[in-house]
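Here the structure is laid out as structure tokens; the discussion comes afterwards.
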């Protein structure tokens, strides 16, 4: 359930407002904090700062249903530390999450393999919830072990659920957060969201 949800009527226009907790998960160093910084502040800093515990950020996403109802979706993003030896703390931080984003690093194949472990941990705490994936640092594709064709195949077979992102350039960052907001609101309202996916950068 949303943290809160209500409907305001202004004249003939009806607006639904929701607030959702979204858990941002992935191994340390994959760029979770940088993705949030790019999304919320439109900034990038290549200095690596270890997240201790969890950091929270928020942003409003405006959507519309196919019936014309306007939606104000407040995303509260919990950037959870990625160090493996803090699993119990990580489970505490994801409690109450209505959605999740799991981030891997295109230049580190092990982090891509670990996405299943992160989703199992998340679902073990929350049950099945809307989830999307970010293959981050796609601006470094030339230096990664993955060929572009391989990445294209992964994205094509999971369209709308896996995004090749770059916190540095902003590629697909907005689209990824928009998608999780879309899924959460569709679940809450039981109807499709017609607002098109925004530009990737």
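Bear in mind that the values in this text are calculations on the coordinates, not laboratory data. In this text, all values refer to a predicted model and were calculated from it rather than measured experimentally. Methodologically, a virtual Cβ is constructed for each residue, glycine included, from the backbone with ideal geometry; neighbour enumeration extends over all protein chains shown.
What the table shows:
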{"item": "Protection proxy ranking of 62-74, 93-105 - average other beta-carbon atoms within 10 Å, highest first", "result": "93-105, 62-74"}
{"item": "Shape of segment 116-200, Cα gyration tensor, a/c cut at 1.5", "result": "oblate"}
{"item": "Shape of segment 4-189, Cα gyration tensor, a/c cut at 1.5", "result": "prolate"}
{"item": "Computed label-point distance, nm, for sites residue 44 and residue 116 using a 7 Å Cα→Cβ extension", "result": "3.2"}
{"item": "Distance (nanometres) between label positions extended 7 Å along Cα→Cβ at residue 156 and residue 142", "result": "2.4"}
{"item": "Fully extended contour minus Cα-Cα distance, from residue 66 to residue 191, at 0.36 nm per residue", "result": "44.2 nm"}
